[in-house]
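Here's the structure we're looking at; comments come further down.
The values are calculated or read from the model by the stated rules, or taken from the named source; none is laboratory data. Since this is a predicted model, take the numbers as computed values, not measurements. When we count neighbours, we look across all protein chains shown, and the Cβ atoms used for this are built from the backbone with ideal geometry, even at glycine. Accessible surface is based on the protein model in full, side chains and every heavy atom, while ligands, DNA and RNA are left aside. Shrake-Rupley method; radii C 1.70, N 1.55, O 1.52, S 1.80 Å.
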Amino acid sequence: MIEISSPVPDDHAKPQNPANAAQANAAWGGRYAAGPSAIMQAINASIGFDRKMWRQDIKGSLAHAAMLAHVGIISAEDEAAIRDGLEAIGQEIEAGEFPFSEALEDIHMNIEARLTERIGEAGKRLHTGRSRNDQVALDVRLWTRDAIDGLDAQIADVMRALAEKAAEHAGTVMPGFTHLQPAQPTTFGHHLLAYVEMLSRDRGRLADCRRRLNESPLGAAALCGTGFPIDRHMTAATLGFDGPTRNSLDSVASRDFALEFLSAAAICATHLSRFAEEVVIWTNPYFNFIKLSDAFTTGSSIMPQKRNPDAAELVRAKPGRITGALVGLLTVMKGLPLTYGKDMQEDKEGIFDAAENLALALAATAGMVRDMEPVVGRLADAAGAGFSTATDLADWLVRELKLPFRDAHHVTGRLVAKAESLKVDLSGLTIGEMQAVEPRITEAVFNVLSVAASVRSRTSFGGTAPANVAAMAREWVEKLA
């Protein structure tokens, strides 16, 4: 059982001192004479995590106050006092001097109470024409939008690191795999560019999410709008939104923008995890495809020879908590009737955690990409293993001998079996051994059995030919510059 510190027994049974009750229930007004129990306060308060939105809360309040003054709901003097007070509060928070209070529940009431404490009656006028329902919906949108902008820049940085490394190694051959078995030779640069493409789509998903969330819910008030003559278009423009939301119920009830953000974050984290898994495999001495420096590896407390790819392993793990945040919020939202329910307080921790952990995974991935060095000789040796040019042989039989592909596939399979029995690769077979299987094969077949010839031949758009890879890497580097 979780122990609640400083319990207040029987709070529901006996009223508190009215002065204390007023302090404890500043958000609830005069309706409640008794303060909350310790358990109620603990489950109800969100200030422990939603304080992360203080910048967005102040930004939204500044815009709201400016609008209230513009339309004549509050005086210019009150608006100036509010502005000065909020700016001073921002400085307090930045300096670590702000007195956060759990009794005031959340960042919104903490800032408003401090504002009133600093500037008096004018602070109490700030909340005119809005509710905490549209205020929190606004702050979460602003925070998510800021997070998307930061993550977009980070994804672009990872893409840049991958593209630059790909340009260096456009012709560095390596094995390509299916089922984690040697399939066909490819190049290290081509392999890295596959992740550039994935991350490019991740940027697109986040950009789409940003575009859809970029409407301001401020002014929807509790759920039905307000009778005050507010100007929602003004606050939307001030805050950089494309416009105000069009339905007040939807404005406070919906968190699909957060679900979309978490979905895009989970997909991106999954892409990073796939790359991290390959780093783990490639650094294993049995593969020895790449080297990572001490900057992105750790040692063992007992085995001095160890170099563990812990950064990659931790990136590999991040989708667990990010996907968990998505599933968690989907579960919260799935059965909520319109409009707002306190359940929706559970949206923030998952969003914050997902964004922060994705940012960390992106930073670690960019660092690993720039740090890693391929072991070129080992990659080349591995690229020819496992009869990786068998498809090139089958293609040659189709192209030169006009065999149907299924017949060419069968002939190639027999030749692979013969090479395997003789413990040589395909290029190690003699022309006589090949002709024993297919008499029309000529010496020209050896021109396609090398790894270098194989990768050079893959010139179709998007193929692994080094010339293709070099051109695509240059294109990405220029685009991301």
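For region 200-341, which whole-number percentage of the solvent-accessible area (1.4 Å probe, protein heavy atoms only) is attributable to carbon and sulfur atoms? With neighbouring chains kept in place, the figure for region 200-341 is 55 percent.
Which value does Rg/Rh take for region 126-259 over its C-alpha atoms, Rh per Kirkwood? Computed over Cα atoms, the ratio is 1.26. Shown for region 99-193: the carbon plus sulfur share of the solvent-accessible area, taken with all protein chains present and a 1.4 angstrom probe, equals 47%.
If you take the Cα centroid of region 336-374 and the Cα centroid of region 55-113, the two points sit 27 Å apart. Working ranking of peptides 272-285, 451-464 by packing, defined as the average number of other Cβ atoms within 10 Å per residue, highest first, is 272-285, 451-464. The coefficient of translational diffusion for region 156-214, derived via Stokes-Einstein from the alpha carbon Kirkwood radius under 4 °C and 1.567 mPa s, stands at 101 µm²/s. Compared with the dominant Cα axis of the chain, that is its longest principal axis, helix 390-401 is turned about 60°. Stokes-Einstein diffusion of region 325-412 at 20 °C, 1.002 mPa s viscosity, Kirkwood radius from Cα pairs, rounded to a whole number: 113 µm²/s. Only helices enter the 222 nm calculation for the chain: every DSSP H run of n ≥ 4 contributes -39,500 (n - 2.57), and dividing by all residues gives -19500 deg cm²/dmol, rounded to 500. Here the scattering of region 246-374 is modelled by Debye summation over its C-alpha atoms, one equal scatterer each and no solvent; at q = 0.20 Å⁻¹ the log10 of I(q)/I(0) is -1.03. Rg over Rh for region 52-125 works out to 0.96, using Cα positions for both radii and the Kirkwood form for Rh. Between region 236-267 and region 395-419, the C-alpha centres lie 57 angstrom from each other. Judged by the mean number of other Cβ atoms found within 10 Å, the most tightly packed of the peptides 315-321, 83-89 leads the ranking 315-321, 83-89. Note on Q305 and I43: their simple-model spin labels are 5.6 nm apart, each label 7 Å out from Cα toward Cβ. Per residue, the chain exposes an accessible area of 48 Å² to a 1.4 Å probe, with every protein chain left in place. Remark: relative contact order (the chain) = 16 percent; criterion is Cα-Cα distance under 8 angstrom and separation of 6 or more residues. Packing order of peptides 114-127, 424-437, highest average first: 114-127, 424-437 (average count of other Cβ atoms within 10 Å over each peptide's residues).
Using the Cβ-Cβ distance between E420 and A183 with R0 = 22 Å, the FRET efficiency computed as 1/(1 + (r/R0)^6) comes to roughly 0.85.
In this entry, region 324-481 is assigned a mean projected area of 16.6 nm², taken as a quarter of its C-alpha convex hull surface.
Within the chain, all pairs of alpha-carbon atoms sorted by distance into 10 Å bins from zero give the percentages 4, 16, 20, 18, 14, 11, 8, 5, 3, 1, 0. Dipole magnitude for the chain: computed about the Cα centre from +1 point charges on Lys and Arg Cβ and -1 point charges on Asp and Glu Cβ, it is near 1220 debye.
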